[in-house]
1. Find the centroid of the Cα atoms in region 176-200 and in region 90-122, then give the distance between the two in whole Å.
2. Counting only protein heavy atoms and using a 1.4 Å probe, what share of the accessible area of the chain belongs to carbon plus sulfur, as a whole percent?
3. Only helices at least 20 Å long along their own axis, judged from Cα atoms, and with Kyte-Doolittle mean hydropathy of -0.5 or greater: name those in the chain from DSSP H.
4. When the chain is modelled as a GNM with alpha-carbon springs shorter than 10 Å, which of G73, G41, G103 fluctuates the most?
5. In the full protein assembly as shown, how much of L116 is accessible to a 1.4 Å probe, in Å² to the nearest 10?
6. Using only the alpha carbon atoms of the chain, find the Kirkwood hydrodynamic radius as the inverse mean reciprocal pair distance, in angstroms to one decimal.
7. Please work out the average accessible area per residue across region 118-225, using the 1.4 Å probe convention, and give it in Å².
8. GNM on the chain, C-alpha springs below 10 Å: top fluctuator among E187, E75, E55?
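The values are calculated or read from the model by the stated rules, or taken from the named source; none is laboratory data. Not measured: the values here are computed from a predicted model. Ligands, DNA and RNA are excluded from the accessible area calculation, which covers all protein heavy atoms including side chains. Shrake-Rupley method; radii C 1.70, N 1.55, O 1.52, S 1.80 Å.
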Amino acid sequence: MLTASAAIEQRISIRSFLPTDIPASLLRELLDVARWSPSGGNMQPWKVIAVAGAERAAVTALAHAGQSLLAGGSEEGDDPVYPPHLWEPYRTRRYQVGEDMYGMMGIAREDRAARLAHVARNFEFFGAPVGLFFVIDRRLGRAQWAHLGMFMQSLALAAIDRGLGTCMQEFWGMLRVTLHRHFALPETDTVYCGMALGYPDMTAPVNQLRSSRAAVEEFATLRGF
């Protein structure tokens with residue numbers, strides 16, 4: 001079993017998966033671990049919808065039917081993945097990880113068609129056999145959204161401990177309204193994002209990407225030490 005530190009350091013966004021199925025028992029095991037994530041007041045504000053097989057195929061088909069979103073439309077609503085007109089250092093960080101990823105895949109900057117084709121693979125969970133959607137009551141506040149993030153991180157780390165990989169997919173926020181309708185969610189619920197889950201194909205160049213991180217000195221202030 002990996003230590004927590006090792007799992008955190010090993011976690012990367014997997015964007016190419018093996019077709020190996022994941023049994024429901026293993027998924028339940030991961031969720032059983034993740035449910036111990038912290039949340040203020042023990043509110044446990046997370047809900048999860050897992051799709052595989054025909055259910056996964058239905059969601060993928062629904063997404064591809066709406067690929068016009070890639071041309072500029074979106075259903076993100078009041079909760080966009082990125083704020084408009086990103087400022088530094090966030091703009092450069094986002095730009096750099098994209099360039100690093102496409103460079104590793106051998107996709108030139110001017111090859112817009114190839115880049116869009118890769119982006120569209122989000123709708124296929126990058127080949128992962130299981131897709132997860134994380135749902136939260138829209139009436140809850142920023143604190144509860146943060147707690148949902150803790151739950152997602154716990155799930156991703158539990159997956160690594162069992163030889164699995166994940167990719168957090170905020171991209172699915174572009175289809176919030178469509179997914180809300182598809183899953184027949186209560187009016188008060190909203191889909192935050194998705195996650196691809198499966199066994200990583202470590203022969204794929206894209207899975208060799210390790211995005212950079214700012215040094216501790218850049219984001220932390222230690223006082224009284």
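1. Centre-to-centre (Cα) distance: 25 Å.
2. Details: 7090 of 12820 Å².
The computed percentage sits at 55.
3. Values: long enough: 90-105 (23 Å, -1.22); 142-161 (29 Å, 0.56).
Taking the DSSP H segments of the chain (at least 20 Å long, mean hydropathy at least -0.5), we get 142-161.
4. G41
5. 60 Å²
6. For the chain, inverting the mean 1/r across all distinct Cα pairs yields 18.8 Å.
7. For region 118-225, the solvent-accessible area averages 46 Å² per residue.
8. E187
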